[in-house]
1. Of all residues in the range B:36-54, count the ones that are crowded, with 22+ Cβ neighbours inside 10 Å and more than 9 Å from chain A (Cβ to nearest Cβ).
2. Return yes when residue A:129 is facing chain B (nearest Cβ under 10 Å) and open to solvent by 60 Å² or more (accessible area, probe 1.4 Å) and no when it is not.
3. Considering the range B:1-25 alone, what residues qualify as being open to solvent by 70 Å² or more (accessible area, probe 1.4 Å), of a type in the set (D, E, K, R) and out of contact with any strand residue (DSSP E or B) (no Cβ under 9 Å at 6 or more places or on another chain)?
4. For the range A:12-46, enumerate the residues that are closer than 16 Å to residue B:105 by Cα and either modelled with pLDDT of 95 or more or of a type in the set (Asp, Glu) (or both).
5. Which condition from (1) closer than 28 Å to residue A:111 by Cα; (2) more than 9 Å from chain A (Cβ to nearest Cβ); (3) aliphatic (A, V, I, L, M); (4) not in a strand (DSSP E or B) is the one that residue B:73 breaks?
6. Just one of the numbered conditions (1) under 23 Å from residue A:37 (Cβ atoms); (2) under 15 Å from the mean Cα position of the chain (by Cα); (3) not aromatic (Phe, Trp, Tyr) is not true of residue B:40; which one?
7. Would you mind finding the one in A:109, A:68 that is free of Cβ contacts under 8 Å to residues at least 40 places away in the same chain and of a type in the set (Val, Ile, Thr)?
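The values are calculated or read from the model by the stated rules, or taken from the named source; none is laboratory data. Just so you know, these numbers come straight off a predicted model, no measurement behind them. As a convention, Cβ positions derive from the backbone with ideal geometry for all residues, glycine included, and neighbour counts pool all protein chains shown. All accessible areas refer to the heavy atoms of the entire protein, side chains included, with ligands and DNA or RNA removed. Shrake-Rupley method; radii C 1.70, N 1.55, O 1.52, S 1.80 Å.
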There are 2 protein chains.
Amino acid sequence: MLDSRCIQIDELGDERGLLAVLEANKIIPFGFERVFYIYGTKENVRRGYHAHYKTRQVLIAVSGSCKVYLDNIKRKDDITLDSPTKVLILEPNDWHEMYNFSSDCVLLVLASHLYDPQDYIKDYNRFIEVYA
Amino acid sequence: MLDSRCIQIDELGDERGLLAVLEANKIIPFGFERVFYIYGTKENVRRGYHAHYKTRQVLIAVSGSCKVYLDNIKRKDDITLDSPTKVLILEPNDWHEMYNFSSDCVLLVLASHLYDPQDYIKDYNRFIEVYA
């Protein structure tokens, strides 16, 4: 079950090197209003600890690796992101926590909505209320 | 003149590590239809060698570093991308070549349009005809 939430995208390699592409509303079933990347993560940090009301997200470790713990109430998963072509799609109801960041990890996140603090569910009990 | 084409975005650091954000039509004056990243580039590779008719792009070295040669006929620039918070915006009429990739370079590109082979100007003489 480890990686059943991930999709594998093509690695477009040639004699120059490698390249991978994500297109909005094609490979990924939504548009990218916000792009952010997490890097320089300190040792033993675990971050995230939230779900959303509406935001959908794509997570890719474009450098290094990390793990993602997911809980959508029906199931819990621990997913390893360790390749630029391994893409994890998070639904709004995925409570997520990222951990085990390698020192060179760059975790790229493509989000379907602009930043809105009202769209974060940071309290686990509230998460259960909303999605159970 | 080296970096006049770049904008510096905020580094949102705290005790966990670092994070940087790009929002469509806010910091960046267009939407992101296509996201790709160039990595594992071999030594001494120079790539790009094209301009566009309509695609606008954002380039960021989210890991490592590379250089970008730009030519919009009016001026030529050699820009160093070496920070996750240093953002280069390319207009369609920017002929661009990327080189000097560090072995750990991950060059993230956010493009305003989906892939369309008709939107590439790969012949320099044609580029001059179109934009001179």
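1. Number of matching residues: 2.
2. So residue A:129 fails the test.
3. B:15
4. A:16, A:17, A:18, A:19, A:20, A:37, A:38, A:39, A:40
5. (1)
6. Going through the list (1) under 23 Å from residue A:37 (Cβ atoms); (2) under 15 Å from the mean Cα position of the chain (by Cα); (3) not aromatic (Phe, Trp, Tyr), residue B:40 breaks only (2).
7. A:68
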